[in-house]
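The values are calculated or read from the model by the stated rules, or taken from the named source; none is laboratory data. Here the structure is a predicted model, which means the values were calculated and not measured. Note: ideal-geometry Cβ built from the backbone for every residue, glycine included; neighbour counts use all protein chains shown. Heads up: the accessible areas ignore ligands, DNA and RNA and are worked out on the full protein's heavy atoms, side chains in. Shrake-Rupley method; radii C 1.70, N 1.55, O 1.52, S 1.80 Å.
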Amino acid sequence: MMDADVFFTSLPVPTVLIDSDETINDLNPEAEGFLNASAKSARGTPVWDIIAVDAPLEDAFARARETGTPLFVNDADVGSGQRAPVPCALHLAPLSDGSGKMILMITPRELAGRMTQNHTVKSAAKSAIGMAEMLAHEIKNPLAGITGAAQLLSMNLNAQDLELTDLIVAESRRIVKLLEQVEQFGNLMPPERRALNLHDVLDRARRSALLGFGARMKIIEDYDPSLPPALGDKDQLLQVVLNLLKNAAEAAGDQGGTIRLHSYYEHSFRMRRSDGTGQSLPLQIEVIDDGPGLPDAIRADVFDPFVSGRDNGTGLGLALVSKIISDHGGWISVNSVPGRTVFRMSLPRADKTNADILALGQET
(Lines give C-alpha, C1' and ligand atoms only; values in the text may rest on other atoms or scores of the structure.)
Protein backbone atom coordinates (compact mmCIF):
# COMPACT_ATOMS: atom_id res chain seq x y z
CA MET A 1 0.00 0.00 0.00
CA MET A 2 1.36 3.44 -0.93
CA ASP A 3 2.55 5.58 1.97
CA ALA A 4 0.26 8.58 2.58
CA ASP A 5 3.14 11.05 2.45
CA VAL A 6 4.34 9.65 -0.87
CA PHE A 7 0.82 9.86 -2.27
CA PHE A 8 0.42 13.46 -1.09
CA THR A 9 3.70 14.65 -2.61
CA SER A 10 3.00 12.80 -5.88
CA LEU A 11 -0.32 14.51 -6.58
CA PRO A 12 0.04 16.36 -9.94
CA VAL A 13 -1.97 19.45 -8.90
CA PRO A 14 -1.39 21.97 -6.09
CA THR A 15 -2.72 20.36 -2.90
CA VAL A 16 -3.00 21.81 0.60
CA LEU A 17 -3.58 19.87 3.84
CA ILE A 18 -5.55 22.00 6.30
CA ASP A 19 -5.77 21.44 10.07
CA SER A 20 -8.99 21.57 12.08
CA ASP A 21 -8.28 25.17 13.11
CA GLU A 22 -8.07 26.19 9.43
CA THR A 23 -4.32 26.61 9.42
CA ILE A 24 -2.02 25.00 6.86
CA ASN A 25 -0.59 21.64 7.87
CA ASP A 26 1.34 20.88 4.67
CA LEU A 27 1.80 21.78 1.00
CA ASN A 28 2.78 19.36 -1.73
CA PRO A 29 5.55 20.43 -4.15
CA GLU A 30 3.02 21.58 -6.76
CA ALA A 31 1.34 23.83 -4.17
CA GLU A 32 4.71 25.25 -3.10
CA GLY A 33 5.35 26.27 -6.70
CA PHE A 34 1.82 27.56 -7.29
CA LEU A 35 1.76 29.67 -4.10
CA ASN A 36 5.45 30.53 -4.24
CA ALA A 37 5.78 29.48 -0.59
CA SER A 38 7.59 26.63 1.11
CA ALA A 39 5.70 24.07 3.20
CA LYS A 40 7.93 24.90 6.17
CA SER A 41 7.11 28.63 6.10
CA ALA A 42 3.38 28.02 5.48
CA ARG A 43 2.74 25.56 8.33
CA GLY A 44 0.57 27.06 11.06
CA THR A 45 -0.52 30.02 8.91
CA PRO A 46 -4.28 30.61 8.42
CA VAL A 47 -5.10 29.15 5.04
CA TRP A 48 -6.93 32.23 3.75
CA ASP A 49 -3.96 34.42 4.64
CA ILE A 50 -1.91 32.61 1.99
CA ILE A 51 -4.57 31.54 -0.52
CA ALA A 52 -6.68 34.34 -2.01
CA VAL A 53 -9.96 33.22 -3.60
CA ASP A 54 -12.50 35.58 -5.18
CA ALA A 55 -15.43 33.65 -3.67
CA PRO A 56 -16.86 33.55 -0.14
CA LEU A 57 -15.67 30.09 0.94
CA GLU A 58 -15.54 30.34 4.73
CA ASP A 59 -19.17 29.32 5.34
CA ALA A 60 -19.11 26.58 2.69
CA PHE A 61 -15.80 25.38 4.13
CA ALA A 62 -17.33 25.10 7.61
CA ARG A 63 -20.38 23.23 6.30
CA ALA A 64 -18.19 20.75 4.43
CA ARG A 65 -16.25 20.10 7.63
CA GLU A 66 -19.40 19.66 9.74
CA THR A 67 -21.23 17.40 7.32
CA GLY A 68 -18.16 15.48 6.14
CA THR A 69 -19.06 16.08 2.50
CA PRO A 70 -16.78 17.30 -0.30
CA LEU A 71 -17.09 20.76 -1.83
CA PHE A 72 -16.46 21.68 -5.46
CA VAL A 73 -16.02 25.26 -6.73
CA ASN A 74 -15.58 25.92 -10.43
CA ASP A 75 -14.15 29.03 -12.13
CA ALA A 76 -12.77 30.81 -9.08
CA ASP A 77 -9.80 33.15 -9.36
CA VAL A 78 -7.10 31.86 -7.02
CA GLY A 79 -3.83 33.55 -6.17
CA SER A 80 -1.53 34.45 -3.32
CA GLY A 81 0.48 37.40 -2.15
CA GLN A 82 3.26 36.20 -4.44
CA ARG A 83 1.37 35.64 -7.70
CA ALA A 84 -1.55 37.07 -9.65
CA PRO A 85 -4.90 35.21 -9.54
CA VAL A 86 -5.64 32.63 -12.23
CA PRO A 87 -8.95 30.84 -13.00
CA CYS A 88 -9.08 27.53 -11.13
CA ALA A 89 -11.35 24.74 -9.99
CA LEU A 90 -11.25 23.89 -6.28
CA HIS A 91 -11.90 20.48 -4.70
CA LEU A 92 -12.22 20.46 -0.91
CA ALA A 93 -12.87 17.30 1.12
CA PRO A 94 -12.51 16.20 4.76
CA LEU A 95 -10.19 13.33 5.59
CA SER A 96 -12.03 10.17 6.59
CA ASP A 97 -9.85 9.53 9.66
CA GLY A 98 -11.93 11.81 11.93
CA SER A 99 -9.01 14.18 12.54
CA GLY A 100 -10.91 17.22 11.29
CA LYS A 101 -8.30 17.84 8.61
CA MET A 102 -9.32 18.91 5.12
CA ILE A 103 -7.58 18.50 1.81
CA LEU A 104 -7.78 21.27 -0.81
CA MET A 105 -6.85 20.56 -4.45
CA ILE A 106 -6.38 23.52 -6.82
CA THR A 107 -6.63 22.86 -10.56
CA PRO A 108 -5.79 25.81 -12.85
CA ARG A 109 -8.46 25.91 -15.54
CA GLU A 110 -5.98 25.83 -18.43
CA LEU A 111 -4.63 22.47 -17.20
CA ALA A 112 -8.02 20.83 -17.64
CA GLY A 113 -8.19 21.48 -21.39
CA ARG A 114 -4.52 20.97 -22.14
CA MET A 115 -4.64 17.54 -23.77
CA THR A 116 -7.85 18.31 -25.66
CA GLN A 117 -6.32 21.40 -27.25
CA ASN A 118 -3.06 19.62 -28.08
CA HIS A 119 -4.99 16.87 -29.86
CA THR A 120 -7.06 19.47 -31.73
CA VAL A 121 -3.95 21.38 -32.79
CA LYS A 122 -2.26 18.28 -34.18
CA SER A 123 -5.40 17.11 -35.99
CA ALA A 124 -5.88 20.55 -37.52
CA ALA A 125 -2.23 20.59 -38.57
CA LYS A 126 -2.59 17.26 -40.37
CA SER A 127 -5.68 18.53 -42.20
CA ALA A 128 -3.91 21.67 -43.35
CA ILE A 129 -0.84 19.70 -44.44
CA GLY A 130 -2.99 17.29 -46.43
CA MET A 131 -4.77 20.13 -48.16
CA ALA A 132 -1.47 21.82 -49.03
CA GLU A 133 -0.09 18.66 -50.62
CA MET A 134 -3.28 18.11 -52.62
CA LEU A 135 -3.97 21.64 -53.86
CA ALA A 136 -0.77 23.68 -53.99
CA HIS A 137 0.67 22.25 -57.20
CA GLU A 138 -2.67 22.03 -59.02
CA ILE A 139 -3.65 25.62 -58.20
CA LYS A 140 -0.32 27.44 -58.51
CA ASN A 141 0.35 26.31 -62.08
CA PRO A 142 -2.94 27.65 -63.54
CA LEU A 143 -2.52 30.85 -61.53
CA ALA A 144 0.87 31.43 -63.12
CA GLY A 145 -0.77 31.14 -66.54
CA ILE A 146 -3.58 33.51 -65.57
CA THR A 147 -1.10 36.07 -64.25
CA GLY A 148 1.04 35.88 -67.38
CA ALA A 149 -1.95 36.23 -69.69
CA ALA A 150 -3.24 39.26 -67.77
CA GLN A 151 0.20 40.93 -67.98
CA LEU A 152 0.33 40.35 -71.76
CA LEU A 153 -3.17 41.79 -72.21
CA SER A 154 -2.27 44.87 -70.21
CA MET A 155 0.37 45.87 -72.79
CA ASN A 156 -2.35 46.90 -75.32
CA LEU A 157 -5.10 48.25 -73.04
CA ASN A 158 -6.21 51.73 -72.09
CA ALA A 159 -5.99 53.04 -68.52
CA GLN A 160 -9.56 52.04 -67.61
CA ASP A 161 -9.11 48.45 -68.73
CA LEU A 162 -5.69 48.28 -67.09
CA GLU A 163 -7.44 48.46 -63.70
CA LEU A 164 -9.10 45.11 -64.45
CA THR A 165 -5.91 43.33 -65.49
CA ASP A 166 -4.06 44.80 -62.51
CA LEU A 167 -6.80 43.40 -60.28
CA ILE A 168 -6.41 39.95 -61.87
CA VAL A 169 -2.64 40.01 -61.31
CA ALA A 170 -2.94 41.30 -57.73
CA GLU A 171 -5.55 38.73 -56.69
CA SER A 172 -3.69 35.89 -58.36
CA ARG A 173 -0.55 36.82 -56.45
CA ARG A 174 -2.53 36.99 -53.22
CA ILE A 175 -3.78 33.43 -53.76
CA VAL A 176 -0.24 32.25 -54.51
CA LYS A 177 0.96 33.87 -51.28
CA LEU A 178 -1.78 32.08 -49.34
CA LEU A 179 -0.80 28.75 -50.87
CA GLU A 180 2.85 29.38 -49.99
CA GLN A 181 1.84 30.00 -46.38
CA VAL A 182 -0.12 26.75 -46.34
CA GLU A 183 2.92 24.96 -47.76
CA GLN A 184 5.12 26.55 -45.11
CA PHE A 185 2.71 25.29 -42.45
CA GLY A 186 2.90 21.77 -43.86
CA ASN A 187 6.62 21.65 -44.62
CA LEU A 188 7.89 22.96 -41.29
CA MET A 189 10.82 20.79 -40.24
CA PRO A 190 10.93 19.25 -36.75
CA PRO A 191 12.67 21.62 -34.32
CA GLU A 192 16.41 21.22 -33.79
CA ARG A 193 16.26 21.66 -30.04
CA ARG A 194 19.21 22.70 -27.94
CA ALA A 195 19.89 24.92 -24.95
CA LEU A 196 19.24 28.60 -25.65
CA ASN A 197 18.65 31.90 -23.90
CA LEU A 198 15.04 32.92 -24.41
CA HIS A 199 15.89 36.57 -23.77
CA ASP A 200 18.17 36.52 -26.83
CA VAL A 201 15.19 35.36 -28.90
CA LEU A 202 12.93 38.05 -27.43
CA ASP A 203 15.51 40.82 -27.96
CA ARG A 204 16.08 39.81 -31.58
CA ALA A 205 12.32 39.75 -32.26
CA ARG A 206 11.84 43.12 -30.49
CA ARG A 207 14.57 44.83 -32.55
CA SER A 208 13.24 43.40 -35.78
CA ALA A 209 9.68 44.49 -34.97
CA LEU A 210 10.68 48.06 -34.06
CA LEU A 211 12.49 48.44 -37.40
CA GLY A 212 9.47 47.23 -39.38
CA PHE A 213 5.85 46.43 -38.63
CA GLY A 214 6.11 47.51 -34.97
CA ALA A 215 7.60 50.95 -35.55
CA ARG A 216 4.50 52.61 -34.02
CA MET A 217 4.55 50.33 -30.97
CA LYS A 218 6.24 50.71 -27.61
CA ILE A 219 7.76 47.35 -26.65
CA ILE A 220 8.65 46.95 -22.97
CA GLU A 221 11.08 44.33 -21.66
CA ASP A 222 10.03 42.72 -18.38
CA TYR A 223 12.46 39.84 -17.97
CA ASP A 224 13.39 37.53 -15.11
CA PRO A 225 17.20 37.79 -15.23
CA SER A 226 17.58 34.42 -13.49
CA LEU A 227 15.61 32.49 -16.12
CA PRO A 228 17.58 29.31 -16.97
CA PRO A 229 18.22 28.15 -20.56
CA ALA A 230 15.32 26.72 -22.53
CA LEU A 231 15.33 23.66 -24.78
CA GLY A 232 14.23 24.77 -28.22
CA ASP A 233 14.92 25.75 -31.81
CA LYS A 234 16.02 29.40 -31.83
CA ASP A 235 14.85 30.17 -35.38
CA GLN A 236 11.43 28.59 -34.92
CA LEU A 237 10.84 30.29 -31.56
CA LEU A 238 11.90 33.59 -33.13
CA GLN A 239 9.24 33.04 -35.78
CA VAL A 240 6.66 32.44 -33.02
CA VAL A 241 7.49 35.67 -31.19
CA LEU A 242 7.58 37.69 -34.43
CA ASN A 243 4.13 36.37 -35.40
CA LEU A 244 2.70 37.34 -32.00
CA LEU A 245 4.30 40.80 -32.14
CA LYS A 246 3.00 41.34 -35.67
CA ASN A 247 -0.54 40.37 -34.66
CA ALA A 248 -0.42 42.81 -31.73
CA ALA A 249 0.91 45.62 -33.95
CA GLU A 250 -1.75 45.02 -36.61
CA ALA A 251 -4.51 44.93 -34.00
CA ALA A 252 -3.34 48.27 -32.58
CA GLY A 253 -3.72 50.00 -35.93
CA ASP A 254 -2.26 53.37 -36.90
CA GLN A 255 -2.53 54.78 -33.38
CA GLY A 256 0.00 52.26 -32.08
CA GLY A 257 0.10 50.87 -28.55
CA THR A 258 2.20 49.05 -25.99
CA ILE A 259 3.48 45.47 -25.98
CA ARG A 260 5.12 43.94 -22.91
CA LEU A 261 7.46 40.97 -23.22
CA HIS A 262 7.34 39.20 -19.85
CA SER A 263 9.42 36.20 -18.79
CA TYR A 264 9.22 34.32 -15.50
CA TYR A 265 9.70 30.90 -13.94
CA GLU A 266 6.76 28.82 -12.67
CA HIS A 267 7.83 25.63 -10.97
CA SER A 268 4.36 24.05 -10.84
CA PHE A 269 3.53 24.17 -14.57
CA ARG A 270 3.51 20.68 -16.09
CA MET A 271 2.20 19.05 -19.26
CA ARG A 272 0.44 15.73 -18.65
CA ARG A 273 0.09 13.54 -21.74
CA SER A 274 -2.59 11.00 -22.57
CA ASP A 275 -0.19 8.11 -21.86
CA GLY A 276 0.18 9.27 -18.25
CA THR A 277 3.67 10.70 -18.65
CA GLY A 278 4.37 14.34 -17.90
CA GLN A 279 6.90 17.06 -18.55
CA SER A 280 7.76 20.16 -16.58
CA LEU A 281 7.26 23.42 -18.51
CA PRO A 282 8.53 26.01 -16.04
CA LEU A 283 9.76 28.70 -18.48
CA GLN A 284 7.00 31.20 -19.17
CA ILE A 285 6.99 33.85 -21.91
CA GLU A 286 4.08 36.27 -22.21
CA VAL A 287 3.37 38.70 -25.05
CA ILE A 288 0.95 41.25 -23.63
CA ASP A 289 -0.68 44.05 -25.63
CA ASP A 290 -3.21 46.78 -24.85
CA GLY A 291 -5.12 46.45 -28.12
CA PRO A 292 -8.84 45.80 -28.70
CA GLY A 293 -8.64 42.08 -27.87
CA LEU A 294 -9.73 39.03 -29.84
CA PRO A 295 -13.25 38.96 -31.30
CA ASP A 296 -15.62 36.83 -29.22
CA ALA A 297 -16.53 34.71 -32.25
CA ILE A 298 -13.00 33.35 -32.71
CA ARG A 299 -11.51 33.47 -29.22
CA ALA A 300 -12.00 29.76 -28.52
CA ASP A 301 -10.69 28.67 -31.95
CA VAL A 302 -7.93 31.19 -32.53
CA PHE A 303 -5.20 28.52 -32.93
CA ASP A 304 -7.11 26.57 -35.59
CA PRO A 305 -6.04 26.98 -39.24
CA PHE A 306 -7.97 29.55 -41.33
CA VAL A 307 -9.49 31.29 -38.28
CA SER A 308 -8.74 35.01 -38.46
CA GLY A 309 -10.10 38.16 -36.88
CA ARG A 310 -8.75 40.45 -39.62
CA ASP A 311 -10.13 41.30 -43.02
CA ASN A 312 -8.09 39.44 -45.67
CA GLY A 313 -6.29 37.50 -42.95
CA THR A 314 -5.22 33.97 -43.85
CA GLY A 315 -5.74 32.54 -40.37
CA LEU A 316 -2.47 30.61 -40.56
CA GLY A 317 -0.20 32.71 -38.34
CA LEU A 318 -1.48 31.50 -34.96
CA ALA A 319 -1.97 27.96 -36.26
CA LEU A 320 1.72 27.95 -37.18
CA VAL A 321 2.60 29.38 -33.75
CA SER A 322 0.62 26.65 -32.03
CA LYS A 323 2.17 23.92 -34.18
CA ILE A 324 5.71 25.09 -33.41
CA ILE A 325 5.09 25.25 -29.67
CA SER A 326 3.40 21.84 -29.75
CA ASP A 327 6.37 20.37 -31.66
CA HIS A 328 8.60 21.71 -28.87
CA GLY A 329 6.56 19.77 -26.30
CA GLY A 330 5.32 23.09 -24.94
CA TRP A 331 2.00 24.81 -24.36
CA ILE A 332 0.48 28.07 -25.56
CA SER A 333 -2.68 29.75 -24.29
CA VAL A 334 -4.41 33.09 -24.70
CA ASN A 335 -6.47 35.26 -22.38
CA SER A 336 -8.04 38.27 -24.08
CA VAL A 337 -10.30 41.12 -23.04
CA PRO A 338 -10.50 44.61 -24.56
CA GLY A 339 -7.37 46.47 -23.52
CA ARG A 340 -5.36 43.39 -22.52
CA THR A 341 -4.47 40.31 -24.56
CA VAL A 342 -1.95 37.84 -23.17
CA PHE A 343 -0.38 35.05 -25.22
CA ARG A 344 1.48 32.76 -22.83
CA MET A 345 4.05 30.18 -23.93
CA SER A 346 5.28 27.49 -21.54
CA LEU A 347 8.50 25.72 -22.51
CA PRO A 348 10.84 23.08 -21.07
CA ARG A 349 14.15 24.08 -19.58
CA ALA A 350 17.41 22.60 -20.83
CA ASP A 351 19.01 20.03 -18.56
CA LYS A 352 22.74 19.98 -17.82
CA THR A 353 23.51 17.78 -20.82
CA ASN A 354 21.94 20.28 -23.20
CA ALA A 355 23.75 23.16 -21.52
CA ASP A 356 27.07 21.31 -21.96
CA ILE A 357 26.32 20.78 -25.66
CA LEU A 358 25.67 24.49 -26.07
CA ALA A 359 28.91 25.40 -24.31
CA LEU A 360 30.90 23.03 -26.56
CA GLY A 361 29.26 24.50 -29.64
CA GLN A 362 30.25 28.02 -28.56
CA GLU A 363 33.85 26.97 -27.94
CA THR A 364 34.22 25.47 -31.39
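Estimated at 0.36 nm per residue, the fully extended path between Ser41 and Glu180 surpasses their Cα-Cα distance by 44.4 nm.
Annotation: peptides 190-203, 209-222, ranked by per-residue average of other Cβ atoms within 10 Å with the highest first, follow the order 190-203, 209-222. Computed with a 1.4 Å probe over protein heavy atoms only, the accessible surface of segment 25-84 comes to 53 Å² per residue.
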